[in-house]
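The values are calculated or read from the model by the stated rules, or taken from the named source; none is laboratory data. Predicted model, so just to flag it, every value in this text is computed and none were measured. All Cβ positions, even for glycine, are placed from backbone atoms using ideal geometry, and neighbour counts span all protein chains on display. The area values use the complete protein model at the heavy-atom level, side chains included, leaving out ligands, DNA and RNA. Shrake-Rupley method; radii C 1.70, N 1.55, O 1.52, S 1.80 Å.
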Amino acid sequence: NTEYMNIDELRLPLAGVVIGQYGIKGRLQAILKGKTRQFANIDLHLDGRANEFIAGIHSIFNVRSAQIRSTQEINDLQFQTEFNQGSADQSIVNKWNWNFWGYADLPALKNHVSLRGRGFWQDNLIRIQLLDGELTRFALPGVKVEPLKLSLSEQVNWDYQQQQLSGALVLNTAKIQLDYGGVIPKPDISVSLAGQDFSNLNLKSELTADRLGPIKLFASYRDGSLRGNIYWPQQSSDVFQPLFPKRWNWLIQKGTIRGQTAFSIEPEIGLIAGGHIAIENGDITLPKGSIGGINFSLPYRYQDQRLQLGVKQPVEIKINRLENGVCLDNVSVQVQGYYPWTRKMPLSLSKLKLNLLGGELDVDQFSLPQHNPAYLRLSNIELSEILQLMQYNQLEMYGKV
């Protein structure tokens, strides 16, 4: 076992391998089974050519320079392997070129990942030159993710002696489907890695999805925990359009959106996140109306699959105009609480004020769920506008109530 993996089984078929004082030569294979903090049921196969490879075991093998070997030895190494890895580097000593393939389970996602690629191990350096991976379709609470593909945008290099690791990955999928009907189309995630080893990493990432983003992520992975920050630079809010199901027939006309989130993912606790999202001057067209002048900056916290809104104090949301059969102007309300709400963790809406029917409506306090009477105060309502709303033409009334 190592600090990165609990090894259940390690097999090294030795048929066709020559072991000498300078290391291992010939076709070298390895079959590795085990688990890590993130992966279970790992089954990894490596198959390739070794040339005086010592696997870091200096106590048994010696390392010699290729320049001092005999001409016959060098000529013997000029071959093309069946893995199409070429012969140009076969004279380099203490090196094992390999293809790899395998799979592992991801308990956190109730899913599994399959991998295949090419790389080598030379001296203290392990390099992954080519990588293709795929996660099958999986679901999280409220979310379904289409099969996700993984590839390299930069080779992964790990010098375990110098404790230096670097590389870059790309993940993409056709869409992420939200249970209520919204969609995140064509998400692409790029991730660059830098650190000491696979248990001690710094990550930089960008997420784009069609016109959404880029959303930037900076994180560190230590002791099985991931902590970081997500930054969403200001952009047009119509990038949210795919999040509205087509059956709603809601159309975002204008506005801007920005946000920031700090998060941590702990093995035993799961995801905890907190930050804020801000929308300025948002306009939405509805099937029989519209919402205009949406403005708010909403702090939130997420834990145990529940959002807490207005964490330290109520947050004011303002809407200039809401028209959907009746016109509501200058809407303002203070929001604090939880979503989804429960009896013990309600969503409180307070100090609701709006203009309607020529007058005003005030609601001092109500909540979801509501257990006590909520009092609505109507002031200076125009009787003529009430009749007009009711489309009652046989009677005329004027004045304020």
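When restricted to Cα atoms, the chain yields an Rg and a Dmax of 30.9, 113 Å, respectively. For segment 24-34, 3J(HN,Hα) computed residue by residue from phi via the Karplus equation (6.51, -1.76, 1.60; θ = phi - 60°) reads 9, 10, x, 6, 10, 10, 8, 10, 10, 10, x Hz, glycine and proline entered as x. Note on Glu316 and His276: the extension gain reaches 13.1 nm, defined as 0.36 nm multiplied by sequence separation minus the Cα-Cα distance. Scanning residues 5 or more positions from Leu352 or on other chains, those with amide H under 5 Å from its amide H are Gln334, Val363, with H placed 1.01 Å from N in the peptide plane.
With the gyration tensor restricted to C-alpha atoms of segment 170-267, the semi-axes of the equivalent ellipsoid amount to 30, 14, 12 Å, longest first.
Cut-off 10 angstrom, C-alpha nodes, Gaussian network model of the chain. Which of Gly26, Gly16, Gly282 fluctuates the most? Of Gly26, Gly16, Gly282, the most mobile in the Gaussian network model is Gly16. Given their separation in residues at 0.36 nm each and the Cα-Cα distance between them, Cys327 and Thr256 gain 23.2 nm when the chain is fully extended. Considering only Lys353, Lys110, Lys175, the Gaussian network model of the chain with Cα springs below 10 Å gives its largest mean-square fluctuation to Lys110.
Using 0.36 nm per residue and subtracting the Cα-Cα separation, the extra length available between Val363 and Ile57 on full extension is 102.5 nm.
A simple spin-label model places pseudo-atoms 7 Å from Cα toward Cβ; at Ala168 and Leu106 they are separated by 2.2 nm. Distance from the Cα centroid of segment 226-263 to that of segment 1-41 is 47 Å (rounded to whole angstrom). With a cut-off of 14 Å on the backbone N, no residue of segment 343-371 is near the modelled label site 7 Å out from Met390 along Cα-Cβ.
Using R0 = 60 Å, the C-beta based FRET efficiency linking Leu307 and Ile19 works out to 0.50. By accessible area, using a 1.4 Å probe on protein heavy atoms only, the chain has 54% of its surface on carbon and sulfur.
For the chain, the solvent-accessible area of protein heavy atoms averages 59 Å² per residue (probe radius 1.4 Å; ligands and nucleic acids excluded). Here's the list of aspartates and glutamates a cross-link from Lys351 could span, going by alpha-carbon distance under 16 Å and ignoring same-chain residues fewer than 8 apart: Glu316, Asp329, Glu360, Asp362, Asp364. Proximity of backbone amide H atoms, modeled 1.01 Å from N, is registered between Ala194 and Asn202 at under 5 Å, excluding neighbours fewer than 5 places apart on the same chain.
Shown is the FRET efficiency for Ser220 and Tyr375, computed with R0 = 41 Å from the Cβ-Cβ distance and rounded to the nearest 0.05: 0.20.
Remark on Tyr338: its backbone amide H falls under 5 Å from those of Leu309, Leu347, Ser348, a criterion applied only to residues 5 or more positions apart or on other chains, H modelled at 1.01 Å from N.
Identify, among Gly228, Leu152, Gly255, the residue whose Cα sits farthest towards the positive end of the charge dipole of segment 128-284, taking +1 on the Cβ of Lys and Arg and -1 on the Cβ of Asp and Glu, with the dipole about the Cα centre. Of the listed residues, the answer is Gly255. For Lys186, the lysines whose Cα falls under 24 Å of its own Cα, not counting residues fewer than eight places away in the same chain, are Lys110, Lys144, Lys149, Lys175, Lys204, Lys216, Lys246, Lys254.
Estimated purely from DSSP H runs of n ≥ 4, each contributing -39500 (n - 2.57), the mean residue ellipticity at 222 nm for the chain is -1000 deg cm²/dmol once divided by its residues. Just to be sure I follow the definition: excluding the sites themselves, where is the longest run in the chain that has none of the GluC sites (Glu not before Pro) in a DSSP loop with at most 11 other Cβ atoms within 10 Å? That would be 83-267. Rounded to the nearest whole Hz, the Karplus-based 3J(HN,Hα) values (6.51 cos²θ - 1.76 cosθ + 1.60, θ = phi - 60°) of segment 45-60 follow the sequence 10, 10, 8, x, 10, 10, 9, 6, 7, 10, 6, x, 9, 6, 6, 10, with x at glycine and proline.
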